[in-house]
Amino acid sequence: MNEALFQPITLGAIEAKNRIFMAPLTRGRAAEPPFVPNDLMALYYRQRSGAGLIISEATGISREGLGWPSAPGIWSDEQTEAWKPVTQAVHEAGGKIVMQLWHMGRIVHPYFLGGKPPVSASATTAPDHAHTPEGRKPYEQARALDKDEIPRVVEDYRKAAENAKKAGFDGVQLHGANGYLVDQFLRDGTNLREDEYGGSPENRTRFMREVLEGLVDVWGADRVGIRLSPNGETQGCDDSDPAATFGAATKVIEELGLAFLELREPGPDGTFGATDVPKQSPLIRSLYSGPLVLNSDYDAAQAVADVEAGKCDAISFGRPYISNPDLAERIKAGAEWAPNKDVPKSWYFPGPAGYTDYPTMDE
């Protein structure tokens, strides 16, 4: 029944042993400050190395771009060295892991920036509240990046990619989804610019293109991927014509020849971010010739059906991997689907509780 998910797949230069990927999952277990990975994180990723590909938790490319308590970074030598045991643990267990590179843009609260405003495509304010070590605080208005500042941010991504390479990752994924900085440039609800980085869909993809070109220069296109969330509002980030916007973005991705493209696409019954906005994956599938990875609210049966139907080439699972470290092995064995239920309040706890203490099917 599950054979479609257990065929190997080539993602550029990355050979994945199956088509069950682990989606990026922020878990907040790094030392903060200075946002450094630790041995507990190495165990966590090792436990989940049965996935064909692990996409790491979102990892800050700079102090400016990181606004989540105890999330890891990749801008310093100390952080880079601390990631090495993580990648080594995954590789020793037979897995592959790429790092997701993250700049949160306007979602960074000034608390994390010494009181300074966050940066974004335009001077806008995210809805709701930010998580900080002092509790939840309302988001504050971002300042628009000056055009002459953009090369500095692109260089931050490039340096982070270089550090990820030094740390032993198999590649990198650009976080272009979920209302963070790249998404803020892509969508016309948050990009109000009147220069060459704003206006038309093609102009709004310019920042994404420049970042990707920097990553490709470091890694080669065959070890660079990207995550997009092309349908529906996320963290106040939305678009009036997602087909035009994400069609243009996909054409850039195809032109650059990236190793894979992952889409987070909730539906009307989604657990998080439910939306009636149509999924854009059929359009994107027609424009991008590389491996397409779909994500959001999948179980094993639906994953098999969509891979067999050719809608995508692999599926990334998020929440099921939180509480079922051997998810791929369970699916292969035909065991009960994701029997361990995660506890949301433990997602961001410090320590092993709700992180590395979930049993496997052999325990």
Extreme residue, farthest from THR125 (Cα to Cα), among residues of region 207-226 that are out of contact with any helix residue (DSSP H, G or I) (no Cβ under 7 Å at 6 or more places or on another chain) and surrounded by 20 or more Cβ atoms within 10 Å (Cβ to Cβ): ARG223
Residue by residue through region 178-196, note down the ones that are touching a helix residue (DSSP H, G or I) at 6+ places or on another chain (Cβ under 6 Å) and assigned to a loop (DSSP other than H, G, I, E, B). TYR180, THR190, ASN191, ASP195, GLU196
Among the residues of region 1-42, which ones are aliphatic (A, V, I, L, M), in contact with a helix residue (DSSP H, G or I) (Cβ under 7 Å, 6 or more places away or on another chain) and part of a helix (DSSP H, G or I)? ALA4, LEU5, MET41, ALA42
Given (1) under 16 Å from the mean Cα position of the chain (by Cα); (2) more than 21 Å from LYS96 (Cα to Cα), number of the condition GLY236 does not satisfy: (1)
Report, by residue number, each residue of region 205-264 that is part of a loop (DSSP other than H, G, I, E, B), touching a Pro at 6+ places or on another chain (Cβ under 7 Å) and within 26 Å of ALA16 (Cα to Cα). PRO230
Residues located in region 308-325, provided they are under 29 Å from ASP362 (Cβ atoms) and within 21 Å of the chain's Cα centre (by Cα): ALA314, ILE315, SER316, PHE317, GLY318, ARG319, PRO320, TYR321, ILE322, SER323, ASN324, PRO325
Inter-residue pairs, beta-carbon under 6 Å, first in contact (Cβ under 8 Å) with a residue 60 or more places away in the chain and of a type in the set (Phe, Trp, Tyr) and in region 275-303, second surrounded by fewer than 19 Cβ atoms within 10 Å (Cβ to Cβ) and not in a helix (DSSP H, G or I), 6+ apart: none
List the strands (runs of 3 or more DSSP E) that sit entirely inside region 89-169 and contain at least 3 residues that are more than 20 Å from the chain's Cα centre (by Cα). 135-138
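Rule-based calculations on the coordinates, nothing more; no lab input. From a predicted model like this one, the values you see are computed outputs, not experimental measurements. Cβ sites come from the backbone with ideal geometry, for glycine too, and all protein chains shown count toward neighbours.
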